[in-house]
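This report concerns only the one structure given below.
The values are calculated or read from the model by the stated rules, or taken from the named source; none is laboratory data. In this text the structure is predicted, and so the values were computed from the model without any measurement. Every residue, glycine as well, gets a Cβ built from its backbone with ideal geometry; the counts of neighbours run over all protein chains shown. We work out accessible area using only protein heavy atoms, side chains counted, and drop any ligands, DNA or RNA first. Shrake-Rupley method; radii C 1.70, N 1.55, O 1.52, S 1.80 Å.
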Amino acid sequence: MSSAPSLAAAIDPRTKMPQERAELHQIDESTRVLALIFLGTSAVWLLVGTIFALIASWKLHNPEFLSTQEWLTFGRVRTAHLNTVIYGWATNAGIGVSFWLMARLSRTLLRHAGILYVSGAAWNLAVIVGTFGILRGDGQPVEWLEFPRYVTPLLFVSYALIGVWGIITFRFRRGEHTYVSQWYLLAALFWFPWLYSIAQIMLVFAPTVGVIQALTNWWFAHNVLGLWFTPIGIAASYYFIPKVLGKPIHSYHLSVVGFWALAFFYNWAGVHHLIGGPIPVWVQSAGIVASLMMVIPVIVTAINHHLTVIGSFQQVWNSPTLRFIVFGAMNYTLASLLGSAMALRSVNSVTHFTHFTVGHAHHGMYSFFTMVMFGSIYYMLPRLLRKEWPSAFLINVHFWGTAAGITLYVVALSIGGWIQGMQMNDVKNYPDFLQIMVATKPWLFARTIAGLMIAVGHIAFVVSFVWILIKKRTVEETSPTLFNTPPTLSLKTS
Amino acid sequence: MNNGPLLFLGIFFTIAFSWSGIVLTNLVQQTEAGATQPLFDKDTEKVVPAPMTGDAKQGQQVYAELGCVYCHSQQVRNSLSRDGGTSVDVERNYGRRPNVARDYIQDGRIFLGTMRTGPDLRNVGQRLPSVDWHMQHLYNPQITSKDSIMPPFPFLFEEREIVGEPSPKALRLTGDWAPPPGYEVVPTARAEALVAYLLSLRTDYDLPEAPKSVE
């Protein structure tokens with residue numbers, strides 16, 4: 001086990017010798033094309049997913065909207081939204097960030113990246129074909145696994161290559177110490193292909209009988225969040241918070257506890273999607289216990305992230321990277337604690353089957369994961385391209401649009417969903433379903449407004465992204481001073 | 001934690017553990033206990049749950065293709081309180097008893113669902129047995145349920161000129177919904193299969209392991 005000071009030295013930018021900086025630069029260089037492929041495609045998918053989201057959201061209060069075409073019916077558009085944002089945006093962004101981080105932290109060049117370019121192209125091709133397939137009606141009717149069966153083998157193979165490459169990169173690590181982010185990344189890269197292949201086999205190619213399908217389904221779907229996106233989000237937070245602030249993480253030992261507790265408990269939590277349903281009571285109880293135990297890794301990670309930040313709020317506010325990432329880390333704590341509470345039978349009996357759950361899913365996937373990815377991209381691109389972000393204004397629009405938008409989103413659906421759940425359980429006073437449904441409409445409308453705010457943020461982000469790609473490098477930016485003074489961009493907030 | 005292989009083993013075993021616990025154990029347990037087999041009801045001399053008819057199977061496919069599952073669950077939950085008591089779902093007339101695992105073994109693909117943007121449909125065939133009602137509702141939910149946010153499915157129907165006798169299957173639409181004179185709206189084969197499926201959704205038998213049905 002490493003001691004805290006050497007870890008601090010390993011990630012503190014001020015202690016780096018010039019040749020180490022040059023080395024870091026070479027490592028970044030070796031990941032550049034790869035990172036740009038994955039991050040670039042993720043940005044495109046983000047926009048595509050947002051369009052599907054807005055259409056689906058509008059339909060939920062105006063059902064006649066675009067209702068004459070079968071391929072635009074709610075069930076298809078909503079599904080296209082989920083799959084493009086999960087497998088298009090979040091997965092691509094996650095892979096881009098993971099490889100860059102893994103190579104940096106392992107202090108090794110990314111080898112034979114060419115194979116990864118091919119699997120990146122294959123992955124994105126599969127997502128394109130799969131999305132068309134969903135709109136055509138070829139989708140598999142399994143939540144989170146809707147891509148038609150003719151693209152899933154391609155998805156699996158290209159992903160498996162990516163996972164193996166990540167693990168190989170870790171194998172070639174130099175130095176004695178592994179940093180906490182590396183554990184999470186290694187785990188995520190290994191867990192996802194396992195989850196995906198088993199779910200495909202047991203749900204699509206050789207479906208099991210009856211309710212075992214539901215158990216497999218929620219074991220998979222919840223773990224995609226818990227064992228794929230969450231570890232990447234935590235890994236990135238663990239890296240960027242101390243890195244940008246220039247101080248070590250609060251406690252190494254806590255990070256060990258946090259990692260194993262997450263690995264152990266998150267796995268089992270998915271069953272809470274089936275509480276009260278036709279599955280054995282002991283599995284439900286196991287799911288509830290695991291969900292409650294998730295409080296441990298969450299609190300531990302929260303202590304580590306938030307105590308590192310305390311006292312440096314000004315710096316957090318001035319750095320685009322940290323503003324997004326700390327927003328994400330705070331919401332990780334909040335969303336996870338709420339999630340544990342939602343597994344309690346008494347709470348679950350209200351929130352289950354309502355829009356509350358939808359709000360919660362976005363709290364995790366967006367307020368936490370997506371915001372952390374945005375923050376990471378703001379740090380990575382200038383280093384990969386050796387250019388600065390062209391406009392602090394656009395970054396500001398991006399931050400406020402998404403942060404305010406997603407907060408409104410989660411709050412509106414949580415309140416609306418809670419009311420809906422209370423009314424559904426109160427048969428005496430609310431015997432008429434239609435009356436309950438009508439009461440949800442204003443909240444669904446607020447969700448559309450929130451979606452529009454988020455969309456504005458996304459447009460600002462994509463404009464920035466394209467702009468930094470095509471803009472010319474200025475003289476200072478090409479000069480080697482970059483190695484000594486890593487550029488920091490401060491937001492003008494006044 | 002600088003020992004790579006150990007780290008890897010831990011990562012491997014945590015997921016293997018949850019998979020075998022949640023998925024494999026239940027698979028083995030249910031198969032062993034015979035919970036994946038239908039029973040023979042001596043009183044009615046029928047197999048329960050009954051196998052799906054061909055029409056219903058096709059309708060289930062339409063149900064899948066149109067994503068009804070994203071707004072409708074198909075499970076009558078147990079009582080939510082610890083001390084037993086009746087289930088709210090039964091009170092709400094979603095079914096006469098909570099569902100158990102065996103209820104789903106004839107379904108092929110199952111649609112337990114996670115949302116109730118619309119009502120639970122596990123027993124909709126019992127609650128709403130009228131074909132006409134379903135046809136009108138699917139053509140446009142506003143006809144039967146004003147202000148509904150369920151989407152209309154006009155593409156499951158065909159508006160055509162009446163040649164000779166009007167079709168007996170034509171939707172009885174009045175007022176604003178009526179087609180122009182000389183025209184009629186008839187369900188396509190998909191709409192008919194879908195409605196056959198909806199009407200087949202009914203848990204109208206008892207199972208030894210399930211709570212008794214209420215009247």
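A helix-only calculation puts chain B at -8500 deg cm²/dmol for mean residue ellipticity at 222 nm, using -39500 (n - 2.57) for each DSSP H run of at least four residues, averaged over all residues. Equivalent ellipsoid of segment A:23-176: semi-axes from √(5λ) of the C-alpha gyration tensor, largest first, are 36, 15, 11 Å. Inter-part distance, segment B:131-205 to segment B:52-68, computed on C-alpha centroids, equals 16 Å. How many square angstrom of accessible surface are buried between A and B, both sides summed, with a 1.4 Å probe and rounding to 100? Counting protein atoms only, the buried area is about 6900 Å².
What does the C-alpha gyration tensor say about the overall shape of segment B:153-207? Classify as rounded when a/c is under 1.5, otherwise prolate if a/b is larger than b/c, or oblate. Prolate, since a/c reaches 1.5 and a/b exceeds b/c.
For chain B, no complete DSSP H run has alpha carbons reaching 30 Å or more along its own long axis together with a mean Kyte-Doolittle score of -1.0 or higher. Over segment B:1-78, the hull volume per residue, using the convex hull of the C-alpha atoms, is 215 Å³. Within straight cross-link reach of B:Lys212, meaning Cα distance under 18 Å, which aspartates and glutamates are found once same-chain residues fewer than 8 apart are removed? Within the straight-line cut-off, B:Lys212 pairs with B:Asp41, B:Asp43, B:Asp83, B:Asp89, B:Glu91, B:Asp103, B:Asp204.
Let me know the volume per residue of the alpha-carbon convex hull for segment A:237-349, in Å³. Please report the intermediate quantities before stating the final value.
Details: hull volume 10.7 nm³, N = 113.
In segment A:237-349, the Cα convex hull volume per residue is 95 Å³.
Would you mind classifying chain B by shape? Square roots of the alpha carbon gyration tensor eigenvalues, ordered a ≥ b ≥ c; an a/c under 1.5 is rounded, otherwise it is prolate if a/b is larger than b/c and oblate if not.
Working: a/c = 2.31, a/b = 1.74, b/c = 1.32.
Taking the square roots of the gyration eigenvalues as a ≥ b ≥ c, chain B is prolate.
For the protein assembly as shown, the convex hull drawn through the C-alpha positions has a volume of 166 cubic angstrom per residue. Over the residues of chain A, the helix contribution to mean residue ellipticity at 222 nm works out to -24000 deg cm²/dmol, using -39500 (n - 2.57) for each DSSP H run of at least 4. Each of A:Phe265, A:Ile128, A:Ser391 was scored by the projection of its Cα onto the charge dipole of the protein assembly as shown, and the greatest displacement toward the positive side belongs to A:Ser391; charges sit on the C-beta of Lys, Arg, Asp and Glu.
Only one residue of A:Ser67, A:Ser376, A:Pro442 has its Cα farthest out toward the positive end of the dipole of chain A, where Lys and Arg carry +1 and Asp and Glu -1 on Cβ, and that residue is A:Ser376.
Pick out the long, greasy-scoring helices in chain A: whole DSSP H runs spanning 24 Å or more along their own axis by Cα, mean Kyte-Doolittle at least 0.0. Those that clear 24 Å and a mean of 0.0 are A:18-59, A:113-136, A:152-171, A:180-200, A:252-269, A:320-342, A:392-425, A:433-470. Of the residues B:Leu9, B:Asn26, B:Val62, the one whose Cα sits farthest toward the positive end of the charge dipole of segment B:8-66, with +1 on the Cβ of Lys and Arg and -1 on the Cβ of Asp and Glu, is B:Leu9. Here the ratio of the Cα radius of gyration of segment A:341-476 to 2.2 N^0.38 Å is 1.41. The dipole here belongs to the protein assembly as shown: it is taken about the Cα centre, uses +1 on the Cβ of Lys and Arg and -1 on the Cβ of Asp and Glu, and is about 2300 debye.
For segment B:152-177, a decrease in accessible area of 20 Å² or greater in the assembled protein chains relative to the isolated chain, with a 1.4 Å probe, applies to B:Pro152, B:Pro154, B:Phe155.
Note on segment B:62-206: with charges restricted to the Cβ of Lys and Arg (+1) and Asp and Glu (-1), its dipole about the Cα centre is near 560 debye.
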